[in-house]
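Have a look at the structure below, then the notes.
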Amino acid sequence: MRDERLYDKIKGGLYGVAIGDALGGTTEFMTAGEIKAQYGYITEIIGGGVWHLEPGEVTDDTMMTLCVAEGILENPAAPLEPIGRLFLKWYRSRPKDIGSTIRRAFENYEDHWFEAAFLADLDLGQSGGNGSLMRCLPAALAYQEIFDLEKVSRMQSKMTHYDERCSEACVIYNRIAHRLLRGEEIGSAVRSEVAGTEYEGCIKGAPNCEPSGFVVHTFKWVLHILLSSADFSEVVQKAANLGGDSDTIGAIAGGLAGISCGYRSIPAAYSEAILIKDRLDQVSSRLYRLRMGE
């Protein structure tokens, strides 16, 4: 018999990523003031923005999340090769949006992902962006054991982001997701996992930083939004109206908010707007079956 509660949470997590991405894609690179002047307070998935998105179209955040998910599903015991192959297939499709660190790692890749990430770090002088955090959620959705969750979270991060702060953020994020999948309340899950880390201050108030693509800044805003919002809609709307790297902040925050509330509690106006619903549905079902050992 299917565990409907768990399935609902897994599906909610994937849809949460996509919804936060699609809603925030409209306002990416804008300031909060520019958003207010143009939209007032954005609450609907309308597309447009710098990438000229169709309403419900997602960006690299969701597409790379699906690459990680489908790579894990192809070979759960050793997902590096299929994840990498799916990354490159997506890259060759000429996506509208791709981060500079990821692009450079892809350009450097020959036959060793960790070497490509190291070279990207050398080329750019840093690799502390949020591009591995935005896509890491499938590691929490697929694996029941913390050891496997942490191993794959770090592995998929190191494929493109050499900076250890990226791997650390992915592990904290997915440990929070692990708690949520077991039914823990989101405030408790966040507080437990950020205690003693550089993110602990997010418990007390808004971050003293811009909502930028730097992984530490991004994650601080994600945690603050999650702790200061009453429901899923408020989470993704707050992220979208921040501006800056709003699609990625929305995707990362939306993933945890979607697990917390479950798919059935996400407003249909959001879930039905996403253009890749069939793929999300299929991957959700497959991740559930993998997690349950079916």
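Every read-out reported here was derived from the displayed coordinates using simple, explicitly stated rules and does not represent laboratory data. Given the structure is predicted, the values throughout are model-derived calculations rather than measurements. Positions of Cβ are generated from backbone atoms using ideal geometry, with glycine treated the same way; all protein chains shown enter the neighbour counts.
Assorted remarks:
- Given charges at beta-carbon only (K, R positive; D, E negative), |dipole| of the chain in Debye: 480
- Values of log10 I(q)/I(0), in the order q = 0.19 Å⁻¹, for region 73-163 under a Debye, Cα-only, solvent-free model: -0.87
- Here is the short version for the chain: Cys67, Cys166, Cys202, Cys209, Cys261 have no other Cys C-beta closer than 4.7 Å.
- Tail beyond 20 Å, pair distance distribution of region 1-135 (Cα, percent): 56
- Counting every other Cβ atom within 10 Å of each residue's Cβ, Ile72, Ile249, Ile98 order from fewest to most as Ile98, Ile72, Ile249.
- For Glu57, Glu184, the sequence from fewest to most other C-beta atoms within 10 Å is Glu184, Glu57.
- Rounded, prolate or oblate (a/c below 1.5 giving rounded, otherwise prolate when a/b exceeds b/c) for region 222-277 by Cα gyration tensor: oblate
- Percentage relative contact order, region 1-63, counting C-alpha pairs under 8 Å, at least six apart: 38
- Under 23 Å between alpha carbons - lysine pairs in the chain that sit 8 or more apart or on different chains: 16
- Cut-off under 5 Å, modelled amide H: who pairs with Leu53 long-range: Gly48
- Residue-averaged [θ]222 nm for the chain, counting only DSSP H segments that reach four residues, each worth -39500 (n - 2.57): -19500 deg cm²/dmol
- Diffusion constant of region 148-277 at 4 °C, which comes from Stokes-Einstein with the Kirkwood Cα-pair radius and 1.567 mPa s, µm²/s: 86
- Table column - 3J(HN,Hα) (Hz), region 70-77, Karplus curve with 6.51, -1.76, 1.60, x for Gly and Pro: 6, x, 4, 5, 5, 8, x, 6
- If the chain linking Glu74 and Glu164 were pulled fully straight, counting 0.36 nm for each residue of separation and taking away their Cα-Cα distance, it would gain 29.7 nm.
- Mean-square fluctuations from a GNM of the chain, with a 10 angstrom spring cutoff on Cα atoms, peak among Ser265, Ser246, Ser212 at Ser265.
- The chain: relative contact order in percent, alpha carbon pairs under 8 Å with at least 6 residues between: 33
- Normalised by 2.2 N^0.38 Å, where N counts its residues, the alpha-carbon radius of gyration of the chain equals 0.90.
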